[in-house]
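Some notes on the structure that comes next.
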Amino acid sequence: MAADLAVREQAGTKQRAAGRPRRTGALTPYLYVLPYFAVFATFVLAPAVYGLWISLHDWDYLLPGKPFVGLDNYQALFDSSSAVFDFFWESMSATGIFTVLSVPLLLAVPLLIALMLNRSFPGRTFFRAVYFAPYVLGVAVIGVLWRFLLDPNLGLVNAILPGSAPWTTALPWAWISLVGVTVWWTLGFNAVIYLAGLQDIPRELYEAARIDGGGKWAEFRHVTLPGLRPVLLFVVVNTILLSANMFGQSYLITQGAPGTETRTAIMYIAQVGLRDYKMGSAAAMSYLLTVCLLIISAFVFRLFREKDA
Amino acid sequence: MRRVRPVAWYTVLIGLSLIFIAPLVWMLLTAFKTPGEATRVPPTVFPQEPTTSAFDTLMGNDQTPVLRWFLNSVLAATGQAVLVLAVASMAAYALARLEFRGKRLIFGMIIATLFIPSFVLIIPNFLIVDRLGWLDTLWALIVPGAAGAFGVFFLRQFFLSLPRELEEAALIEGANSWQIFTRVVLPLSKPALATLAVISFLTNWNDFIWPIYVLFSPEVFTLPPGLAILQGAYTINYPVIMAGALVASIPVLLLFMVAQRYVIEGVSRSGLKG
């Protein structure tokens, strides 16, 4: 995300330097920015800080008093005797399992599809649209649809396959379902981004590689992959973040089943904060998860930078 | 095209297409089956006795006012798209073309908040929306989502890429910045505005986690939380659930067919909405 923006920012600065600043009244520019900034300040800036404040309190939405408790909500997450410890870390590991299983597939399969679609052939735009189509649908639609298709007794998947499996009610099947459905649903998104990246690789590089000899694999390793690097960084970080945000699939397809094993961190945080209304504790959990994601993102950025050297 | 045998090539492409399309076709076919036929083993592909009884059930139940949900979804998604176009285009224009103190700071703040995952904002935003008296109203679905940074970045980038000559000509003719913005910049930006409108509409139409926690009354629901209710209420009466899913799918699939170029363009340029 950041890398992508940095590049665009540079491009912007160059263009701006070329032109003269517009003459306007001193206040006018602020009037343009004001409507957006009001919404942004109210629903992004304020809650980001407010959430921290909430996490330092025993904040029960339904009770009048919201006593300040310092870091207690955070400590409870690391105290194995606390009421939230087991469920919280179970949900964190559910999110971790889902991320570890889905990210490699969501990086590799869309790349294959993008490589296919990067050739020129009649009907290319049509097939690109078809592969992208499920992504246009919301998680609610694909959730109830796959709940039906994967129904262990009545679903189409078990009717077609030779054996029958408890797709939504037992492990490891539930994970296979959640990962499979997610790949089916979101693959088009990464494929389209890869495709845009592939189309930016200059053709001459491929021609040079062909003259040098070396097969398809060498071409892929020495031209395609390096050419995709900026896009790849964005896709890796973005896919990890989206997988760590997983909510709707578990909510609708497995409902956390078999017990609470496939209940993701976001599901548990929403349950604690917005169903049980223990908002202080839930806010603390959400910040801890954020810190984990920042660390992982920073690690990925470094990994990409080291490969540079 | 490099040498591939067309028959093998198209077999692969069409086979893959089936994986993506077949589940959606199954949804369509199931919506017109009877509950018994929908779960028959072995399954029938085409409805033996096509019926709209699933839709009748859906419309006839006061607890699942699907048409109302549909209307609410249209209102929320359209409202947000309009709001995003208005506030983002103005802010983007100022950030791209006007000089003012604090511009870098504002832009920097918007960038910095991209690193805040959306789930962190849900609980405090619930309280803010509560304070505004917007819980259980469509305002909760329309306004907060317009704070997303994507629209501003996307349009700012587009405005920066426009040639300045037309704007400068307008300036020489005595136009002020608002006239330049509305009569020169916006008309030149129609494709970008269309892309942003479509992406905002789709994102809002599909939003799930936020509406299920800020809406409580069935008559205020949009389609996604409505589908979760249907799944709970009709458990294995799958034709009814699929009929609901169909109602939620058709508008976005149609929109995608008409505006495919804009959707794909928006996604491939951005991906920022995560």
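The values are calculated or read from the model by the stated rules, or taken from the named source; none is laboratory data. Not measured: the values here are computed from a predicted model. Glycine gets a Cβ as well: all are built from the backbone with ideal geometry, and neighbour counts include every protein chain shown.
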Hey, can you tell me all the residues within region B:41-70 that are over 14 Å from residue B:239 (Cα atoms) and loosely packed, with under 13 Cβ neighbours inside 10 Å? B:41, B:42, B:60, B:62, B:63, B:67
Options B:258, B:267, B:240, B:252; residue that is closer than 30 Å to residue B:116 by Cβ and either more than 7 Å from every other protein chain (Cβ to nearest Cβ) or modelled with pLDDT of 90 or more (or both): B:252
Selected residue (criterion: nearest to the chain's Cα centre (by Cα)) from residues of region A:157-178 that are at pLDDT 90 or above and part of a helix (DSSP H, G or I): A:178
Looking at A:268, A:251, A:287, A:277 in this structure, which one is within 12 Å of chain B (Cβ to nearest Cβ) and at positive phi? A:277
Elements of type helices (runs of 4 or more DSSP H) contained in region A:1-87, each with 3 or more residues being at pLDDT 90 or above, farther than 28 Å from residue B:111 by Cα and over 25 Å from the mean Cα position of the chain (by Cα): A:72-77
Does at least one position in region B:185-206 carry a residue that is facing another protein chain (nearest Cβ under 9 Å) and free of Cβ contacts under 8 Å to residues at least 24 places away in the same chain? no
Here are some residues: B:60, B:79, B:36. Which one is modelled with pLDDT under 95 and within 14 Å of chain A (Cβ to nearest Cβ)? B:36
Flag if residue B:113 is in a helix (DSSP H, G or I), among the polar types (S, T, N, Q), surrounded by fewer than 23 Cβ atoms within 10 Å (Cβ to Cβ) and free of Cβ contacts under 8 Å to residues at least 40 places away in the same chain: yes
So, in region A:62-96, of the ones that are charged (D, E, K, R) and in contact (Cβ under 8 Å) with a residue 24 or more places away in the chain, which residue ends up surrounded by the most Cβ atoms within 10 Å (Cβ to Cβ)? A:90
Is it the case that some residue within region A:255-263 is buried (at least 18 other Cβ atoms within 10 Å of the Cβ) and in a helix (DSSP H, G or I)? no
With respect to residue A:154, is the statement that it is assigned to a helix (DSSP H, G or I) and either within 12 Å of another protein chain (Cβ to nearest Cβ) or under 23 Å from the mean Cα position of the chain (by Cα) (or both) true? no
When residue B:221 is run through (1) under 30 Å from residue B:35 (Cα atoms); (2) buried (at least 23 other Cβ atoms within 10 Å of the Cβ); (3) at the interface with another protein chain (Cβ under 10 Å from one of its Cβ atoms); (4) touching a residue at least 60 places away in the same chain (Cβ under 8 Å), the failure sits at (3)
